[in-house]
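The values are calculated or read from the model by the stated rules, or taken from the named source; none is laboratory data. A quick note: this is a predicted structure, and the numbers were derived from the prediction, not measured. In this analysis, Cβ positions are derived from the backbone assuming ideal geometry, glycine residues included, and neighbour counts consider all displayed protein chains.
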Amino acid sequence: MRIAYAALSARTPLSVACAAVFAIQSAWADQSTTDRATPDTSVSHSSVTSDSTHSLTEPAGTLQAVKVTAARAAPAFAPDTPGIVETVTREQIDARNIVNTEDALKYAPNVMVRKRFTGDRNSVFAGRDFNELQSARGLVYADGLLLSNLLGSSYAYPPRWSLIAPDDLAEVEVLYGPFSALYPGNSIGSTVQITTRKPEKLEASLDTQLFTQHYDDPYGFTKSFGGNHESAHIADRIGRFWYSLTLDRLENNSQPLQYASPGSTHNAKLGAPVAVTGAATDTGPNGQPRVIVGPQTMERTEQVGESVRMGYGLTDHVDATLTLGHWENHYKDRAQTFLMDAAGNPVYAGNVTIGGKNYTIAPTAFSPANGDQENWLYAFGVNARLDSGWKLSGIVSAYDVSRDVLRSSTTAPPAAYGGGPGTIFFGDGTGWRTLDLKAESPSYAGHALAVGYHFDNYFLRNETFNTSDWLNGSPSTLASTFRGDTRTQALYGQDAWRFAPGWLATLGLRYERWDAYDGALGNGASTFGYANRSANALSPKASVQWQATQDWLFRLSFATGTRFPTVGELFQGTISNNAIVNNNPGLRPEKAIDWDFTAERDVGVGVVRASVFQSDLRDSIYSQTTVNGASTVTNISNVDRVRARGVELAFSGQNVLLHGLDLDANVSATNARILADSANPSYLGKRFPRIPVMRANLLANYHFNPQWQGSVGIRYSGRQYNTLDNSDINPDVYGGTSSFLVVDLKARYQMGKHWLASIGIDNLTDRRYYVFHPYPGRTFYGELKWSL
């Protein structure tokens, strides 16, 4: 049992070591994600540095032809990866309003990032056949290091984006589907590989950003919310040794993320009903009228992150890398009531009368909460190239939640602001360990073989205590405890076989062994242990690729993949303030059977891609969240069979129609349906939640001259549902899931060699839309950056 809240980890932050350092953002050359060679007929904009002295728009004849090149990291995915790989280059990243690393995916084909506000600690992403509540179906790596939080699978388990600063990004690549045997069963959705910049010389910079939005909701609440973001960076290469140090700080205030809606009941313990005014009414997502009594979860967050990345060339063929990351988050959740009594006093809880009807507002509907988190990442990797041509690599990592404390009041304001009864949640001691070993052969008779071993261990430790003073008091009695472990081991092999001119067959097989053990839940009276569980999976992969001509490429891919239940889904429940999560120790692994047919054509200024895909998922694991009065309730279960079919069109090009115009455009149409569910036969034929019928993105970036560039971005998401039974028929309210079209703008200006300024707007038209939560309104950005 915890003795006191003060007895927390006392590690010295990396900011002590990084406080005086700076960094510079390098420009990187663009590269096609395909492995075919095409004639180089023009200078790529992505290969021109921002402080170039040559105008791209000068009249013909004033300059000689120049081929400009720049060093860049190797692509994260091998050229013979058996699936679609979409690449976001550094220049494409610079063309969008980017504050957090996940913003790099904002316009990626058939990808949706659940980012409710700048600094959202629960930013997860969705793909072509999975949604934001299935986070364990999306993998995120940085330089081969796993950043995915596979402790659970929902909005509460986002990748650890914050451990990689946006300024460290060289490029981001997305692999669609489980078609590569090199990646775990969690890749049945999408796999994101982040490649970070590595210095060639001394680099330094300071960067500051400001952002603000004026938020108006349909219920009469209006307020401005804003924040700031600062980063400092220094990097250098000294002989065989290189290092990169980053210090990053962000603070922001969110718009309301939820709203309180009371139940139409009467609780005698809360006294006689009080007549109140100020309530708003609307029609809920289920088409029923409801009362809204105030905004909840207005979050103020302050985040500090530091990272140290370094490498050393032990020999000409062997190098080692070390990564150390640290992240802290301090946040407060507050709420505001609309209700007033006859004397004009705010009403936060109790029995009330609104419009002649009685309602009960729970004591926790507007109660405040304070959170404090600290996470550490440690990783060590070795890469070697043998004289025989074999490449060997290994990486070991540890992720520790050294502090995760949430203090919540169980009484209503205004008394709650001064203390009083509450709960204290402790999640520290949670984390994971990973080990990956891989060997890649040179080409022998057209064959290139990759074999490897994977190990991971995820462990969950959660305790919640009662306290007499939620602000500063010590834990008293135990309210609940959850714990458990999962372990996965895998062996895999993959052969890329060039069996004829222009033909490539990639065959793979992955074996995985999964164990779940030491699961338990308890309260102050007793603890209940769960039975240990084990399962095995064998996942074959096959892909055939034909380079028909220099310009045309075709690929047919097939794969199966198995995603095992996470430790959180099995063993972790939650009763915290206004949220209840019911775990399910009997969950079955979910298995995907995927197909993809892709055609690509090089059209000179870029590449056009057309894909037809299908994902047939058995025993899909899904977390269904519903609003129950002022609270939310989440239940986790298997859905017997879900099938997603769709098409994608994507284009990425430079100098399109106009010299200096870079264009990225994509559109997708998906039909995701529930084909079987024995536990809920009424779900048959329903659309699977949060996979829209259509997604589309456009990003146009124009280089007016070497100093000025401006971009326009458009993001569209079509009709979708938030519930398995499709009962949310009213999408454009809190709790619903809207279709939306938003327009983003950005302008950048390079002021000489050392200074860069930019301004931007997201959601130019101030579109009010919801993905269960209300999303940001029109948001303004300003940035000023100094580079050495």
A136 being hydrophobic (A, V, I, L, M, F, W, C), farther than 30 Å from L245 by Cβ, modelled with pLDDT of 95 or more and not in a loop (DSSP other than H, G, I, E, B): yes
Conditions (1) within 25 Å of N383 (Cβ to Cβ); (2) assigned to a helix (DSSP H, G or I): number failed by L150: (2)
Exclusive hit being out of contact with any Leu (no Cβ under 7 Å at 6 or more places or on another chain) and on the phi < 0 side of the Ramachandran plot, set I714, I691: I691
Restricting segment 285-301 to residues that are part of a strand (DSSP E or B) and surrounded by fewer than 19 Cβ atoms within 10 Å (Cβ to Cβ), the residue that is nearest to the chain's Cα centre (by Cα): R300
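Got a sec? Which of S244, S224, S231, S190 is buried (at least 18 other Cβ atoms within 10 Å of the Cβ) and farther than 20 Å from W327 by Cα?
S190
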Condition met for Y155 (closer than 26 Å to V401 by Cα, part of a loop (DSSP other than H, G, I, E, B) and over 17 Å from the mean Cα position of the chain (by Cα)): no
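Determine, yes or no, whether R128 is in contact with a Pro (Cβ under 9 Å, 6 or more places away or on another chain), part of a loop (DSSP other than H, G, I, E, B) and either under 11 Å from S190 (Cβ atoms) or free of Cβ contacts under 8 Å to residues at least 24 places away in the same chain (or both). Let's see the steps before the verdict.
Details: in contact with a Pro (Cβ under 9 Å, 6 or more places away or on another chain): yes; part of a loop (DSSP other than H, G, I, E, B): yes; either under 11 Å from S190 (Cβ atoms) or free of Cβ contacts under 8 Å to residues at least 24 places away in the same chain (or both): yes.
Yes: the conditions hold for R128.
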Residue satisfying condition, being in contact (Cβ under 8 Å) with a residue 40 or more places away in the chain and surrounded by fewer than 20 Cβ atoms within 10 Å (Cβ to Cβ), within set G752, G760: G752
Looking only at segment 698-720, and only at residues there that are crowded, with 22+ Cβ neighbours inside 10 Å and not small (G, A, S), the one that is nearest to H773 (Cα to Cα): Q720
Which numbered condition V113 misses (of (1) of a type in the set (A, V, I, L, M, F, W, C); (2) closer than 23 Å to G427 by Cα; (3) without any contact (Cβ under 8 Å) to a residue 60 or more places away in the chain): (2)
Residue list for segment 435-450, restricted to those being surrounded by fewer than 17 Cβ atoms within 10 Å (Cβ to Cβ) and within 29 Å of the chain's Cα centre (by Cα): L435, L437
Residue in segment 325-344 that is part of a loop (DSSP other than H, G, I, E, B), without any contact (Cβ under 8 Å) to a residue 24 or more places away in the chain and at positive phi present: yes
Of residues in segment 452-475 being among the hydrophobic types (A, V, I, L, M, F, W, C) and surrounded by fewer than 20 Cβ atoms within 10 Å (Cβ to Cβ), the one nearest to E569 (Cα to Cα): F459
Residue match in segment 585-602 (condition: of a type in the set (D, E), in contact with a Lys or Arg (Cβ under 8 Å, 6 or more places away or on another chain) and assigned to a loop (DSSP other than H, G, I, E, B)): no
All positions within segment 696-743 that are closer than 17 Å to P109 by Cβ, in contact with a Pro (Cβ under 8 Å, 6 or more places away or on another chain) and in contact (Cβ under 8 Å) with a residue 60 or more places away in the chain: N697, S717
Verdict on R249 being of a type in the set (D, E, K, R), surrounded by fewer than 18 Cβ atoms within 10 Å (Cβ to Cβ) and assigned to a strand (DSSP E or B): yes
Residue check, I354 β-branched (V, I, T) and either closer than 29 Å to N122 by Cβ or touching a helix residue (DSSP H, G or I) at 6+ places or on another chain (Cβ under 6 Å) (or both): no
Some residue of segment 458-481 being within 29 Å of N186 (Cα to Cα), β-branched (V, I, T) and modelled with pLDDT of 95 or more: no
Any hit, segment 355-371, residues being part of a strand (DSSP E or B), within 21 Å of the chain's Cα centre (by Cα) and modelled with pLDDT of 95 or more: yes
Residue count for segment 106-122, restricted to those that are surrounded by fewer than 24 Cβ atoms within 10 Å (Cβ to Cβ) and out of contact with any Ser or Thr (no Cβ under 8 Å at 6 or more places or on another chain): 3
Condition check for V304: of a type in the set (V, I, T), within 30 Å of L377 (Cα to Cα) and part of a strand (DSSP E or B): yes
Elements of type strands (runs of 3 or more DSSP E) in segment 168-216, at least 1 residues being within 12 Å of R137 (Cα to Cα) and in contact (Cβ under 8 Å) with a residue 60 or more places away in the chain: 169-176, 190-196
Residue that is free of Cβ contacts under 8 Å to residues at least 40 places away in the same chain and of a type in the set (A, V, I, L, M), where the choices are L406, L507: L507
Any pair with Cβ under 9 angstrom, 6 or more apart, that starts in segment 449-471 at a residue that is closer than 30 Å to A505 by Cβ and free of Cβ contacts under 8 Å to residues at least 40 places away in the same chain and ends at one that is acidic (D, E) and assigned to a strand (DSSP E or B): Y453/D436; F455/D436
Filter result for the condition that a residue is in contact with a helix residue (DSSP H, G or I) (Cβ under 8 Å, 6 or more places away or on another chain), within 27 Å of A516 (Cα to Cα), buried (at least 24 other Cβ atoms within 10 Å of the Cβ) and modelled with pLDDT of 95 or more, over F179, F130: F130
